[in-house]
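What follows is a single structure, written as C-alpha cells, with notes after it.
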Amino acid sequence: MSTHYDDLETRSADQRAAEHLTALNALLPAHGFDPLGDLSDLAKLPVLRKSDLSRRQKDKPPFGGLPVSNLAHIFQSPGPIYEPGGVTRDWWRMGRFLHAAGFGTTDIVQNCFGYHLTPAGMIFENGARAVGAVVLPAGTGQTELQAQAAHDVGVTAYAGTPDYLKVILEKADQMGLQLGIVKAAVGGGALFPSLRQYYQDRGISCLQCYATADLGNIAYESAAMEGMILDEGVIVEIVTPGTGDPVPEGEVGEVVVTSLNPDYPLVRFATGDLSAMMPGQSPCGRTNARIKGWMGRADQTTKIKGMFVRPEQVAALVAKHAEIDRARVVASRDGEMDVMTVRIETAANDAARFESSIVETLKLKGRVELVPPGALPRDGLVIEDARSYD
C-alpha cells in the first residue's frame, strides 16, 4: 500500500490554493456568485447554515434549489434535512481517510454505521469500495449477530461510532469468539483517549475522521495522530461563531466548509462545530492544513450516539405534552458509552408515558428523569453536554 492516497496530499500550499480557486470558480455560477480573484475573497460570501438549508428545502423540496447532479440516493437527517448521494468513486471522499487508516484490498470491513435513511452507512461503504475493501453491511444493533458474523467471515476492520466496537468485542468475549479486527475507522462521536487505549491494548489501531452528512469527509487522522488533516476536496475556514468572519490561526471558532464536490457543491456551509487551525504540517508527509478536531458546538446542537440532537427537537417534545413545563437533554458517559438523559419538568409521576415521544422527536432512546415544576435552571440551556473531552 502506498503511503498517500494520491498526489493531491503532497501539493505545495500555493498549488493547492490555485487549484482550489479554479475548482471553486467553476462551481460558483450555479449558486449565483461571480468568480473570485483570490481564495481570501471567499470570506465575503454569505454563510449557509443548517437552519437556512432546512428553510430552503421546505420552500423548494427536496434540496432547496441548490445544484445537484448525478443523483443516486436521497437521505434524511434529523431536522429533517435531505441530502443527495452519489455512487461514483469516493463521492464523499471517505476513501482518503480509510487509506490513511490502513484499509485496503485485503480487508473485510464491518460497517456499523446506519443504512436506514441517514447517509453514514453509504458514506463509509462508498469509501471502502474506493480502497478495494470488502464490506459487511452490518448497520446498527443486533450485537450478538454482529459478533458472530465478524468471526465467521473473518472481519479485519471496523467502521462505526467509536464506542460500538467495544460493545462488539465484549459480546464476542462473552460468546467465546476470537475476532480478527486489527484496525478501526471511527466517526460520529468523540474518540476519548481511554477508549483509543483500550483498542490499542487489544491490538487494534483506531483512527477518527470528522465528517458530516451534508459535506462528507472534512478532516481525518493519519497514523501520526497529530491533529486532523483537511480533506483535499474541501476549503475550511474557522470563523467567529454566528458570523462569517475568519479568526486568526490558532483561535477557536466555528468550522465553515466549502465543498468542491461538483455533484453537490456547498459554499460556506456552517457546521455548528468548534475547532481551531494548527500550525505546520503533519509528520506523515501530508501537506494540507490541520485542525485540532472537534472542540464542541457553536450552538446547543449536540451529537449523542452519533446522532445530532437539536434544540428544536426538544421544543417539539415539550409541545407534544401539555403536562411538560420544560425539558433538558443531558449528554453524559457511562464508561465509554454515550448516555442521553431527558430531564422533564412536570407534575406527572409516570416517566414511561414520555418514552415513545422521546424516541419519536429526538430519534434516540434515553433515560427519563422527572423533576418538579421550577426545578430546572433558568439559564437558557435545553441541551447540556456534560461529557469530559480531556
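The values are calculated or read from the model by the stated rules, or taken from the named source; none is laboratory data. Treat the numbers as computed from the prediction; the structure is a model and nothing was measured. When we count neighbours, we look across all protein chains shown, and the Cβ atoms used for this are built from the backbone with ideal geometry, even at glycine. These accessible areas exclude ligands, DNA and RNA; they are computed on the full protein's heavy atoms, side chains included. Shrake-Rupley method; radii C 1.70, N 1.55, O 1.52, S 1.80 Å.
Criterion first (open to solvent by less than 10 Å² (accessible area, probe 1.4 Å) and either β-branched (Val, Ile, Thr) or part of a loop (DSSP other than H, G, I, E, B) (or both)) does residue 236 satisfy it? It is false that residue 236 is open to solvent by less than 10 Å² (accessible area, probe 1.4 Å) and either β-branched (Val, Ile, Thr) or part of a loop (DSSP other than H, G, I, E, B) (or both). The residues on offer are 257, 267, and the sole one that is open to solvent by less than 20 Å² (accessible area, probe 1.4 Å), within 17 Å of the chain's Cα centre (by Cα) and modelled with pLDDT of 95 or more is 257.
Residue-wise test of (1) within 23 Å of the chain's Cα centre (by Cα); (2) over 17 Å from residue 78 (Cβ atoms).
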{"site": "335", "(1), (2)": "yes, yes"}
{"site": "338", "(1), (2)": "yes, no"}
{"site": "344", "(1), (2)": "no, yes"}
{"site": "350", "(1), (2)": "no, yes"}
{"site": "353", "(1), (2)": "no, yes"}
{"site": "357", "(1), (2)": "no, no"}
{"site": "369", "(1), (2)": "no, yes"}
{"site": "384", "(1), (2)": "yes, yes"}
{"site": "389", "(1), (2)": "yes, yes"}
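For beta carbons closer than 8 Å, sequence separation of 6+ or different chains, a first residue in the stretch 1-30 that is over 19 Å from residue 289 (Cβ atoms) and a second that is modelled with pLDDT under 95 and not in a loop (DSSP other than H, G, I, E, B), there are no qualifying pairs.
Yes or no: the stretch 67-81 includes at least one residue that is touching a Pro at 6+ places or on another chain (Cβ under 6 Å) and assigned to a loop (DSSP other than H, G, I, E, B). Checked the stretch 67-81: at least one residue is touching a Pro at 6+ places or on another chain (Cβ under 6 Å) and assigned to a loop (DSSP other than H, G, I, E, B). Quickly run through the stretch 283-328 and pick out the residues that are in contact with a strand residue (DSSP E or B) (Cβ under 6 Å, 6 or more places away or on another chain), aliphatic (A, V, I, L, M) and part of a loop (DSSP other than H, G, I, E, B). Result: 289, 295, 298.
Which of the residues spanning the stretch 122-162 are within 18 Å of residue 106 (Cβ to Cβ), open to solvent by less than 10 Å² (accessible area, probe 1.4 Å) and not small (Gly, Ala, Ser)? Passing the criteria: 155, 158.
The rows are residues; the columns are (1) surrounded by 23 or more Cβ atoms within 10 Å (Cβ to Cβ); (2) under 30 Å from residue 205 (Cβ atoms); (3) modelled with pLDDT under 95.
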| position | (1), (2), (3) |
| --- | --- |
| 57 | no, no, no |
| 62 | no, no, no |
| 77 | no, yes, yes |
| 92 | yes, yes, no |
| 106 | no, yes, no |
| 114 | no, yes, yes |
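Would you check if residue 23 is in contact with a strand residue (DSSP E or B) (Cβ under 6 Å, 6 or more places away or on another chain), open to solvent by less than 80 Å² (accessible area, probe 1.4 Å), at pLDDT 95 or above and among the small types (Gly, Ala, Ser)?
Here the answer is no, as residue 23 does not meet what is asked.
Here 250, 280 are screened, and the one residue that is without any contact (Cβ under 8 Å) to a residue 60 or more places away in the chain, assigned to a loop (DSSP other than H, G, I, E, B) and open to solvent by less than 50 Å² (accessible area, probe 1.4 Å) is 250.
If you go through the stretch 296-312 and pick out every residue that is at pLDDT 85 or above and either open to solvent by 20 Å² or more (accessible area, probe 1.4 Å) or aromatic (Phe, Trp, Tyr) (or both), you end up with 5. When residue 377 is tested against (1) open to solvent by 30 Å² or more (accessible area, probe 1.4 Å); (2) farther than 28 Å from residue 238 by Cα; (3) assigned to a loop (DSSP other than H, G, I, E, B); (4) at pLDDT 90 or above, only condition (4) is not met.
Tell me, yes or no, whether the stretch 203-217 has at least one residue that is free of Cβ contacts under 8 Å to residues at least 60 places away in the same chain, farther than 30 Å from residue 267 by Cα and among the aliphatic types (A, V, I, L, M). Yes, the stretch 203-217 contains at least one residue that is free of Cβ contacts under 8 Å to residues at least 60 places away in the same chain, farther than 30 Å from residue 267 by Cα and among the aliphatic types (A, V, I, L, M). The set of residues in the stretch 80-110 that are β-branched (Val, Ile, Thr) and more than 28 Å from residue 64 (Cβ to Cβ) comprises 105, 106, 108, 109.
When the test is whether a residue is among the small types (Gly, Ala, Ser), modelled with pLDDT of 95 or more and open to solvent by less than 40 Å² (accessible area, probe 1.4 Å), residue 190 does not pass it. Among the residues of the stretch 334-365, the ones that are open to solvent by less than 30 Å² (accessible area, probe 1.4 Å), in a loop (DSSP other than H, G, I, E, B) and within 16 Å of residue 308 (Cβ to Cβ) come to 1 in all.
Restricting attention to the stretch 163-180, the residues that are surrounded by 24 or more Cβ atoms within 10 Å (Cβ to Cβ) and in contact with a strand residue (DSSP E or B) (Cβ under 6 Å, 6 or more places away or on another chain) total 1.
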